[in-house]
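A short write-up of the structure that comes next.
The numbers here are math on the coordinates, done by the rules we state, and not lab data. None of these values were measured; they are calculated from a predicted model. Cβ placement follows ideal geometry from the backbone for every residue including glycine, while neighbour counts extend to all protein chains displayed.
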Amino acid sequence: MLEVSLNGERRQVAPGTTLASLLASVGVDASQGGVAAALDGAVVPRARWSSAVLEPGAEVEVIRATAGG
Amino acid sequence: MERSDEAPQGAPLEIGGRTFRSRLMLGTAKYPNLHVLERALAVSGAEIVTVAIRRINLQDDAPGVLDVIDRERVQLLPNTSGCYTAKDAILTAHLAREALGTPWIKVEVLGDDRTLFPDVTELLEACRVLVADGFVVLPYCSDDPVICQRLEELGCAAVMPLGAPIGSGMGLRNPYNLQIIRELVQVPVVVDAGVGTASDAALAMELGCDAVLLNTAVAGAKDPVKMAAAMRAGVEGGRLAFEAGRIPRRLYASASSPLEGMIGTKVGRR
């Protein structure tokens with residue numbers, strides 16, 4: 001197992017885990033509108049979620065639009 | 001020919017290559033609930049609506065604002081609120097573009113958490129990068145004419161100087177600066193933050209500003225839907241007054257009724 005961070009929370013994932021499968025584990029999938037993900041400070045377009053393999057220490061952010069001024 | 005019973009309309013707002021009838025931009029935060037937000041948005045007539053970008057709540061992600069925004073009618077304006085560095089604002093803008101499919105971004109880089117005043121050095125850097133990355137950049141900035149000129153030179157689609165601190169409802173604290181900014185830059189000037197009530201919005205428009213962006217004044221009102229209507233009327237009235245051209249101020253009275261053919265003897269001094 002290797003450790004990654006998702007929205008600041010530490011998580012253990014199996015080697016070879018992709019961004020798509022990590023996000024699927026929290027109920028986010030690429031067909032969903034209004035969400036976006038970044039890996040180590042760079043946006044990963046949703047079409048590439050399934051080919052982005054997580055390295056040890058990877059920092060993943062997943063966001064959505066919310067109320068704001 | 002205009003029909004005699006048809007009220008004139010104010011000129012449309014052109015910004016970022018698009019044309020809007022409404023000059024009121026509305027934020028979506030702090031409403032009592034989504035239903036009130038939806039009604040306030042409809043009543044306001046706003047065609048540019050701001051949203052924030054935040055981490056998804058991994059435990060419990062409730063329905064959000066996008067569910068009540070009519071994206072056919074409205075240009076979404078995601079913001080970089082809560083960012084304190086150019087780096088964070090740039091990443092947030094890219095996430096917003098990916099999530100929402102719009103290059104429009106309200107760039108907000110804060111310098112201080114009590115005043116929420118912009119950090120203009122970080123703001124300039126963020127705007128420089130984002131313009132180069134192809135964004136339609138609308139920066140929330142200080143009411144500083146020089147900074148507004150710099151932002152225009154960078155290629156921002158508008159400048160959005162504050163009227164007063166965010167959420168303060170203090171109204172336009174320095175109308176003279178806003179007037180100077182309006183004279184010095186070519187891009188639209190949007191008064192962002194500080195509006196407390198409809199007369200503040202009307203004043204911003206009477207000064208010649210091109211639009212008003214507000215949130216708390218509506219969301220925090222006792223009746224947000226009614227205040228949304230008031231803001232719409234204030235913005236429309238202020239704009240029409242600006243276009244109509246107000247009379248000059250004068251110290252002494254000038255009688256409205258004709259002075260010829262008056263009955264009786266003149267009274268009063270001189």
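Across chain B, the relative contact order, built from alpha-carbon pairs under 8 Å that are at least six residues apart, equals 17 percent.
The label point for A:Arg48 and the one for B:Glu183, both projected 7 Å from the Cα toward the Cβ, are 5.0 nm apart.
Take every DSSP beta bridge whose two residues both sit in the protein assembly as shown; close to 50 percent of them are antiparallel.
Taking Cβ atoms as reference points and 13 Å as the exclusive limit, the residues near B:Ala201 contribute a net charge of -2, counting Lys and Arg as +1 and Asp and Glu as -1. Here each label is just a point 7 Å from Cα along the line to Cβ, and for B:Glu72 and B:Tyr176 those points are 5.0 nm apart. Couplings 3J(HN,Hα) for region B:211-223, derived from phi with the Karplus relation 6.51 cos²θ - 1.76 cosθ + 1.60 (θ = phi - 60°), are 6, 10, 10, 9, 9, 4, 4, 8, 4, x, 5, 4, 10 Hz, where x marks Gly and Pro.
Calculate, for A:Ser5 and B:Thr102, the FRET efficiency according to 1/(1 + (r/R0)^6) with r their C-beta to C-beta distance and R0 22 Å; round to the nearest 0.05.
After rounding, the FRET efficiency stands at 0.20.
Look at B:Ser4, A:Ser51, A:Ser21 and count the other Cβ atoms within 10 Å of each Cβ; fewest to most, that gives B:Ser4, A:Ser51, A:Ser21. Taking other Cβ atoms within 10 Å as a rough exposure proxy, B:Tyr252, B:Tyr84, B:Tyr176, B:Tyr140 sort from fewest to most as B:Tyr252, B:Tyr176, B:Tyr84, B:Tyr140. Legend: calculated FRET efficiency, B:His35 to B:Leu58, from the Cβ-Cβ distance at R0 = 25 Å, rounded to 0.05, equals 0.40. The H on the amide N of A:Ala58, modeled in the peptide plane, is under 5 Å from the matching H of A:Ser5, each at least 5 residues off or on a different chain. What would the Debye formula give as log10 I(q)/I(0) at q = 0.13 Å⁻¹ for the alpha-carbon point model of region A:2-64, no solvent? Per q value, in the given order, log10 I(q)/I(0) is -0.27. Where both bridge residues fall in region B:13-244, DSSP classifies roughly 15% of the beta bridges as antiparallel. Counting other Cβ atoms within 10 Å as a rough exposure proxy, the listed residues B:Asp119, B:Asp70, B:Asp143 run B:Asp70, B:Asp119, B:Asp143 from fewest neighbours to most.
Each label point was placed 7 Å from the Cα along the Cα-to-Cβ direction; for B:Val146 and A:Ser25 their separation is 5.3 nm.
I need the calculated FRET efficiency for the pair B:Tyr84 and B:Lys226, taking r as the beta carbon distance and R₀ as 56 Å, to the nearest 0.05. My answer for the efficiency is 0.95.
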